[in-house]
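Enquirer: Encoded as structure tokens, here's the structure I'll be asking about.
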Amino acid sequence: MSTAQHLDTVLLLCSREFPAEHGRWHGGFCGPGYHIAELVVVDGFRGGGCSQLLEAREQYEAECVALSERLSHRWGPPVPVSLYSVLHRAMADGEDIPEPWHMLSTRVQDVQVWRSDERWVVLGGSPWGEESPFHLLAAVTEVDPP
């Protein structure tokens, strides 16, 4: 997918109503108060070469930067948010983290957040480790960041 297609997906999510039930759609997940789009998912590189890993990481980072620039042009500079503590609170402390923040925290470490009308627009992308998949995720939610 191109940056323009990723942006189209984010804008589509901004215009959609939120479903009453948690579920999956062909491009991601949704539920009461949120939509998540899996824009790019590159599986981990178990046994893969270092050059393959570096090439995938560079491509992934370039896509994330390009989309972030387009979103910033539309809504201004993002607020960076680390989801590491959110995942820790859920896993170690048993805190009930609302969706989409819990799901996002299990897939990416950091997100950028913009405010669009009454909704949050979220872009996240970073692997948890070299053997973890690379995720480039976009979310639109009315649920405030934790």
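Enquirer: Can you find, within region 80-130, the residue that is farthest from His6 (Cα to Cα) among those that are polar (S, T, N, Q) and surrounded by fewer than 21 Cβ atoms within 10 Å (Cβ to Cβ)?
Expert: Checking each candidate, the answer is Ser85.
Enquirer: For region 9-26, what are the residues that are in contact (Cβ under 8 Å) with a residue 12 or more places away in the chain, among the aliphatic types (A, V, I, L, M) and either open to solvent by 70 Å² or more (accessible area, probe 1.4 Å) or under 16 Å from Val143 (Cα atoms) (or both)?
Expert: Leu13, Ala20
Enquirer: Out of all the residues in region 70-79, which are over 15 Å from the mean Cα position of the chain (by Cα) and open to solvent by 80 Å² or more (accessible area, probe 1.4 Å)?
Expert: Of all residues in region 70-79, those over 15 Å from the mean Cα position of the chain (by Cα) come to 70, 72-77.
Scanning region 70-79 gives Arg70, His73, Arg74, Pro77.
Enquirer: For region 90-104, name all the residues that are at pLDDT below 90 and either within 16 Å of Thr141 (Cα to Cα) or not in a loop (DSSP other than H, G, I, E, B) (or both).
Expert: Within region 90-104, Ala90, Met91 qualify.
The values are calculated or read from the model by the stated rules, or taken from the named source; none is laboratory data. Keep in mind the model is a prediction, meaning the values are calculated, not measured. Note that each Cβ is placed from the backbone with ideal geometry, even for glycine, and that neighbours are counted across all protein chains shown. These accessible areas exclude ligands, DNA and RNA; they are computed on the full protein's heavy atoms, side chains included. Shrake-Rupley method; radii C 1.70, N 1.55, O 1.52, S 1.80 Å.
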